[in-house]
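Comments concern the structure below.
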Amino acid sequence: MDRLEATSELQSRLSSLSFSSFPGITSEHCEGRQLDRLQNTDLSQSSSPAKMDDNKEESAHHLEGDEETPDEAAQQEGAEQNDSTGNCQLSAQMLPLKPATTWMTFALKDFKAKLRPEKDSVVTVYRGDIMTVHVPTVPEANKVCWEFATDGYDIGFGLYFDWSPVTSRAITVHISESSDDEDEEEELEAPTSYGDVEKGSKTQTNSNVAEILPIYRQDSHLAAQGGSHEFPGEGTYLVKFDNSYSLWRNKTLYYRVYYSA
């Protein structure tokens, strides 16, 4: 009987309990959280028709702003035409130039005797050096000519044309040293065959400079070398005498450069 009474009393206590008997857990609080979650995930509440219309108006405004006016289109078209003209001029300058005319003579004694009295016609090109004669074009002539010879040993020779605008009509001489000393081998001072490529010559990095004759070692100690080239336009000839391949030998050079009509 005592057990039955205790059981019935326990059942009556359990039936009287509810969620409100435990602090922090209420049916009201849980329902509120569920509603908040639904509202946050409700896509229908994310934008109203009025906002959608505003977005459409803004996008239309941006599209109108991106449209080019006739004046702007004309300016862009003119700029494209100017660019195309500049490209045409540049490509015309980069076209292959006419080949040079070259010759040689074995009358070395007469040639050297003729140049010895002339000022600056006999020079020494030191080992490792490159001598460049800058010869600008002139309106009074239509071609440039050159002649040269050496004592005892050969020398490298090349001809280039610089399309840069002429700022001076004076013929000038520039001496530069080779930057390839570490890669150079000792020169064998013996007669070499015509067309032996000059290993010590420098390549032209200026985009305005065009090659007419690449630098080759010339047997100028056996025969006087000469040549001419017709002006391709306004610019400056670069006549190069290259001794950069030689580690030990200075070269005595007899040369002259002149114009011809």
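The values are calculated or read from the model by the stated rules, or taken from the named source; none is laboratory data. Values in this document were obtained by computation on a predicted structure and should not be read as measured data. So basically every Cβ, Gly included, is an ideal-geometry build from the backbone, and we count neighbours across all protein chains shown. Quick note on the areas: whole protein, heavy atoms, side chains included, nothing else; ligands and nucleic acids left out. Shrake-Rupley method; radii C 1.70, N 1.55, O 1.52, S 1.80 Å.
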If I model a spin label at Lys114 and Arg256 as a point 7 Å from the Cα along the Cα→Cβ vector, what separation in nanometres do I get? 0.6
Sorted list, accessible surface of protein heavy atoms, 1.4 Å probe, largest first, for Thr252, Thr150 is Thr252, Thr150
Phe106 - accessible surface, heavy atoms, 1.4 Å probe, Å² rounded to 10: 150
Given pairs Lys143/Lys240; Lys114/Lys143; Lys98/Lys119; Lys112/Lys251; Lys98/Lys143 and cut-off 20 Å on Cα-Cα distance, the over-length ones are Lys114/Lys143; Lys98/Lys119
Output ordering of 113-126, 164-177, 223-236 (per-residue mean of other Cβ within 10 Å, highest first) is 223-236, 113-126, 164-177
Whole-Hz ³J(HN,Hα) for each residue in region 236-251, computed from phi via Karplus 6.51 cos²θ - 1.76 cosθ + 1.60 with θ = phi - 60°, x for glycine and proline: what do you get? 9, 7, 10, 9, 10, 10, 10, 10, 5, 6, 8, 8, 10, 9, 7, 10
Run the simple label-point estimate for Trp103 and Asn142 please: 7 Å along Cα→C-beta, distance reported in nm. 1.8
